[in-house]
């Protein structure tokens, strides 16, 4: 008997935090007949997106995880969507980079902050009535107010820690060993809504969640307590900038109904439903800025 | 645009708000740049190509400590940055 057969077989380590990556292209249109092709690249701390626009209309996007190298993440995100539609970098007239790694997008003509880009993207996705935007990113939260053109009128960014962000939710998914997409729906499967965990700091909340499990809380109840804590934290940011309808949520957390419904309940207003992936709002806004800048240049 | 720089933590809310519309045609000759003993203000070209003031990124997460020496406990009657900005664009949340 050799050592290999004696070695215990360890269970495969599942990545419960892993969220769905997406590539989409509008097959009903042909980019080759377009006048202006622009691109927005949002390199975030957790995810990266590339959005292609033809003549100011959404044409395709790719949303994927950011690796440990921002220039590579930008390149891979764009390559993913270009491959799907047979486009080359030289076919794109203007590229705007945004997000945490915006200065590291090697082929960008200009870098803009994600605050301006999310406002512009939300204005496109939700219409000119959008006035308040909550961007729940991978490692920070932004509360943004904008006008009918999507121009920022007020903003607040909380980037001191990852509390109340996508990264925090990933940590809880791994801790509970529940796929991240199931956390939201499962947070409603409780008899009585529990009190929020007292800390939203990812490190402290993780140990607090473990303590609650030991105290007899079900997994669903712990998730509900964490979702409530995240909702309370971002609502305090929103209240500081003031909330006015229409209200739009961007970023990966917008896909988590456990957080969204609780935010709506605390604010007393409904968040708009988006037909497009909420995670691409920043890159979409960057592509719109690129279209405006290119149009000015061409005029 | 009202830009809020800072953070909220267990000890309180520490935000400096700058009304950047007032910066575009600053009537105080960018006095904020020299008024702050920590030199936390800088002038940048924002996303809409306007020349506006902002708080340096390195200071955004440490405002409670960086601004401490100008707070009333340190003997100042009025914050130097707020006093220097005669258009009234700068406000502290604490």
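Coordinate-derived values only; no laboratory data. Owing to the predicted nature of the structure, the values given are computational and were not obtained by experimental measurement. A quick note on method: Cβ atoms are made from the backbone with ideal geometry, for glycine too, and the neighbour counts reach across all protein chains shown.
Some observations on this one:
- Mean separation of Cα contacts under 8 Å, 6 or more apart, over the residue count of chain A: relative contact order %: 23
- GNM flexibility winner over chain A from A:164, A:258, A:216 (Cα, springs under 10 Å): A:216
- Using the Cβ-Cβ distance between residue A:195 and residue B:48 with R0 = 41 Å, the FRET efficiency computed as 1/(1 + (r/R0)^6) comes to roughly 0.40.
- In this label model, residue A:218 and residue A:178 are separated by 0.9 nm, measuring between points 7 Å along each Cα→Cβ vector.
- Remark: relative contact order (the range B:2-92) = 35 percent; criterion is Cα-Cα distance under 8 angstrom and separation of 6 or more residues.
- For the range A:224-280 and the range B:1-55, distance of Cα centres in Å: 28
- Counting only alpha carbon atoms, the long axis of helix A:114-126 and the longest principal axis of chain A meet at about 80°.
- Gaussian network model of chain A, springs between alpha carbon atoms under 10 Å - residue of A:57, A:275, A:228 with greatest fluctuation: A:275
- Descending semi-axes in Å of the range A:29-157, equivalent ellipsoid built from Cα gyration tensor: 24, 19, 11
- Take every pair of alpha-carbon atoms less than 8 Å apart whose residues are at least six positions apart; their mean separation over the length of the range A:131-271 yields a relative contact order of 31 percent.
- Average partner coverage of B:1-14, which counts Cβ from other chains inside 10 Å: 5
- Shape category assigned to the range B:2-92 from the gyration tensor of Cα positions, a/c cut at 1.5: oblate
- With Cα atoms, 0 to 90° folded angle of helix A:219-241 axis to chain A main axis: 40
- Nearest-ten-degree value, helix A:281-298 long axis tilted from longest Cα axis of chain A: 10
- Seen from a random direction on average, the alpha-carbon convex hull of the range A:80-232 projects onto 11.8 square nanometres.
- For chain A, DSSP calls about 70 percent of its internal beta bridges antiparallel.
- Solvent-free Debye scattering, log10 I(q)/I(0), computed from the Cα coordinates of chain A at q = 0.09 Å⁻¹: -0.46
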